[in-house]
Structures are given as C-alpha cells and as structure tokens.
Amino acid sequence: MSIRHSLLALLSQGPKYGFQLRQEFEASTGDVWPLNVGQVYTTLDRLERDGLAESDGVDADERQRNFRITSEGQEELSRWLRTPPDLTQPPRDELVIKILVASRVPDVDVYDVIQVHRRYLVQLMQQWTHLKEDEAHFDLAFALAVDAELYRLDAVVRWLDAADGRLRRAAFESPTDGTTPQPRLHRRMGAHR
Amino acid sequence: MSMLELRNVSKVYGQGATEVDAISNIDLSVDRGSLVAIMGPSGSGKSTLLTIAGSLETPTTGDVMIDGTNVVGMSRNDKARLRRRTVGYVFQDFNLLAGLTAVENVSLPLELDGVSMKVARAQGMSALDELGLADRADRFPDELSGGERQRVAIARAVVGERSLLLADEPSGALDSVNGEAVMRMILSACHGGVAALVVPHDAKLASWADRVVFLRDGRAVDETLPPQRPEELLDLGAANPSES
C-alpha cells in the first residue's frame, strides 16, 4: 500500500491540513489501514521535497501548514493509478487500494482503471497458459504451480468484476460526485502496515 | 483474409420505448488459425455477438463476412448451406442427439449436406480420432461422460471442411480439468487452420486465446495485446511494469 499516493489522491480533491488527511485517509479506506500522524507528516515532507506537493510556510508549526498537490503530483498520481501492481507476489492489497482510491479521485474514471488492471491480469494469465500449452514437455509439478498462479489471478479478475458491478450499482442507486466521505466503518482487519 | 469479419455490426431488439441495443458498432475479425475469446459481464452482448457471427441472427446494421462472403442479405437456404459447410457450433449443454451414436452425431451435418453416408462416417471417425475418441464412436451420448460428450460436440463442430468454430461457454457444464481439455482441443483445431470465436466462462479459460476482446454494454471496449512467447517469460518479474 502506498501512503504517499493515497495522500496525493486526497490532496487532488483540494488543499488540506495534515490531521485532516489522516482522518480522510482512514475513512476512505474503510478504517482497514490505521495511520499515525507522524507517518502523515513524514510522508508530506517527502512529497514536498520531491515537488509533488507544496505548503504555505515551511517554518510554520506543521499542524498549521496547508498542503496542496502540484501538477507533477497530479501526473504522478495518474501514473500510479494506472500502473499495474507487482502480481508476481501476492499483491491484492495494493490493487484493492488503487480501486478504492480511484473511486474517489475526481476526474478519474474508476471503470477505466478497473479495465486497465483486468486487461493486464488476463494478459499475465495468457502468458502462464502458454507455458503449459506444450504437452510434449508436460511436468505435473510445473502444471500445478502454473494452475495455482492462474487460479490466484482468476480470483483477482473475479474481484475486479465484482467491484465493477458493485460500483455501478452504487452509482445507479445513489448518484454522488464520488468524493463524499462514506460512513466510517470500524473494521480493523489486522492489515497494519 | 479473415475467416470471420464483423464490420460495424449493431443489433437492436424491440422498438420505441422498449428498444434495447444488444450490441453496437462492433468491428471484429478472426483469422484462420486464431482463437479469439470474448469476455464481459452478463448482458454485455456476448451471446448475441456469437449468434450474429454464426448467421443464426441478422444484425440490425453492419456486415458479417464469413470466409469472404457477406451473409447479411443472403437467402435463408444459402445461409443454412453456408452454416452446414463452414460453421460449427459448440454449446454449454452439448446438444447431441440422444438417439444417435457419437460418430453418427459427428457425421450428421455432412450427411445433411449431401455427403454419402459412407464418406460422412469416415470423416466423422477421423474427427473423433483426432480428439482421442475413436474408441467411443459407437457409444450413445448417455453412455459418455460430460467431458467426452463435449469432445464429441467439438468433433462435430470441426468435421469436414468446417473452418469457423463458435463456442458459447463450451466448458460451462464441466469441471476445471475437462474445461481445460476442451480449450486445449479448440486450440488444437485452430492450429489445424480453424478460426475460433469463444465465450469462455472464466478468465482461466479465456487465457487459452490468442486475443481476448472485452465487451461492455454491447460495445467492444478493450482487448489484450498479442501474447508474449514463453521464451520471453523467463523472468516474469522483470516483465511486470509495476513500480516497486
């Protein structure tokens, strides 16, 4: 999970203070990923150092500083949202957070982001399937390992399909601009990072 | 030349207030030797696309070229003849005739097309043999397992000179091992020169295709890039575009 990009996503909605970012981050991720305020300010300092965000008054008390995203920050966020995560290791959480974040960032089509990842996953599955096409060199252990990877990736595609359907249904039932914080759910599922 | 080519094909059901666009402005081609899969949520137009590709339904607008011939506007008899000779269908529920043996089921379309019973049976046996079913030729469908029945249906779909195979969830009623065997067989038919357009029931089965086209609300919204070859996959991690 990238705190850095999640904070950029929140800043893309408008300028914000550090404490506000922490609250909104936790709300936007369904309270699954708690965040301490120190992490927020450390990350904001790095975003500022890298030119992705800026604040008024470098010398002011950090609680008084108001942060905003730069155009480089917008570009970096857009690039990150569309970059498929590393699926050679179990990366479900990163993909989930991208979809959660994409569903809330203004001017980002979440269905487009979902399709970018869906296509990438199917292409990856095509590559694995090609590896087991050759029956002449059939190796049971290899076939089982490839199947495990294909089932894992298939499950991720199914989740994307379900997320796609759920988001469309939610948009149909209560059309909003997608940026209103949802009711906070007290779910801390042990994903402390 | 493509074996199947859909040019700007749309299908509208109903009229006025009840009008529904089942598929809209679809451009799609399938070459001989190529396996193309269609993915999309239910109601996205996959089955409509397949029935139009097989000339079982007529599009509201657009052209459907099968082996270079536009089937839109063809007479019913001409279409039926083209279908018998060129197009094979595979469905989830096999659609084998219960009163005929495996080889009789496979050779039936040839006999309907005027081929003598003897020649049709020989070609039927050849198709079954290629799919490893020669020893099941004289069994009736209810004496075959689900996987064997679907293999008979595939043999029937590619028997003779038929070179366009259309399959709607051909593995839908099968377990994963038999489902994979069915896709492997369709791919094998493609390696023999058949063009196949398949609606698989999950991404695992779709991944057997050379190309996957994604449908959404009746439109082709995206498709996969040409697959990389195994020798390019030695380091899958390095091939991953993700940031670290």
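What follows draws every value from the coordinates through simple rules; no lab data is involved. If you're wondering where the values come from, they're calculated on a predicted model, not measured in any experiment. Neighbour counts are summed over all protein chains in view; Cβ atoms, including those assigned to glycine, are modelled from backbone coordinates with ideal geometry.
Dividing the convex hull volume of the alpha carbon atoms of the range A:100-173 by its residue count gives 79 Å³ per residue.
Taking the fewest neighbouring Cβ atoms within 10 Å as the starting point, the ordered list for B:86, B:18, B:224, B:58 is B:18, B:58, B:86, B:224. Each stretch of four or more DSSP H residues adds -39500 (n - 2.57); spread over every residue of chain B, this sum gives -10000 deg cm²/dmol at 222 nm.
When chain B is treated as a Gaussian network with alpha carbon springs shorter than 10 Å, the biggest mean-square fluctuation among B:40, B:99, B:54 belongs to B:99. The simple Förster model, with R0 at 35 Å and r as the Cβ-Cβ distance, assigns residue B:56 and residue A:155 a FRET efficiency of 0.55. Mean-square fluctuations from a GNM of chain B, with a 10 angstrom spring cutoff on Cα atoms, peak among B:181, B:120, B:98 at B:98. If the chain linking residue B:72 and residue B:85 were pulled fully straight, counting 0.36 nm for each residue of separation and taking away their Cα-Cα distance, it would gain 3.0 nm.
Calculated FRET efficiency, residue A:145 to residue B:8, Cβ-Cβ distance, R0 = 41 Å: about 0.40 to the nearest 0.05. Counting Cβ atoms of other protein chains within 10 Å of each Cβ in B:173-186 and taking the mean gives 1. Protection proxy ranking of A:4-17, B:104-117, by the mean of other Cβ atoms within 10 Å over each peptide's residues and highest first, is A:4-17, B:104-117. Amide H to amide H, with H built 1.01 Å from N, residue B:3 comes under 5 Å of B:30, B:31, B:32, counting only residues 5 or more places away or on other chains.
Amide H contacts under 5 Å for residue B:38: B:198, B:199, B:213, restricted to partners 5 or more places along the chain or on a different chain, H placed in the peptide plane at 1.01 Å from N.
Calculate log10 I(q)/I(0) of the protein assembly as shown for q = 0.07, 0.09, 0.11 Å⁻¹, where I(q) comes from the Debye formula with a single equal point scatterer on each Cα and nothing for solvent. Each listed q maps to, in turn, -0.45, -0.69, -0.92.
Residues whose amide H lies under 5 Å from that of residue B:171, counting only those 5 or more places away or on a different chain, are B:201; hydrogens are built 1.01 Å from N in the peptide plane. Only lysine pairs 8 or more places apart, or on different chains, with alpha-carbon atoms under 26 angstrom apart are counted in the protein assembly as shown, and they number 8.
Working from label points 7 Å from Cα in the Cα-to-Cβ sense, the residue A:71 to residue B:117 distance is 8.1 nm.
Each principal axis of the Cα atoms in chain B has its own extent, and those three values, largest first, are 59, 52, 33 angstrom. With neighbour counts taken as other beta-carbon atoms within 10 Å, the residues B:184, B:156, A:104 rank, fewest first, as B:184, A:104, B:156.
Against the empirical 2.2 N^0.38 Å (N residues), the range A:3-83 has a Cα radius of gyration ratio of 1.01. Under the membrane-span-like helix rule (DSSP H runs whose alpha carbons stretch at least 24 Å along the helix axis, mean Kyte-Doolittle hydropathy -1.0 or higher), chain B yields none. In order along the range B:10-18, the phi-based Karplus estimate (6.51 cos²θ - 1.76 cosθ + 1.60, θ = phi - 60°) of 3J(HN,Hα) comes to 10, 9, 10, 9, x, 9, x, 5, 9 Hz; Gly and Pro are listed as x.
Computed extension gain for residue A:170 through residue A:78, at 0.36 nm per residue and net of the alpha carbon distance, reaches 30.8 nm. The mean number of Cβ atoms from other chains found within 10 Å of a Cβ in peptide B:197-205 is 4, as a whole number.
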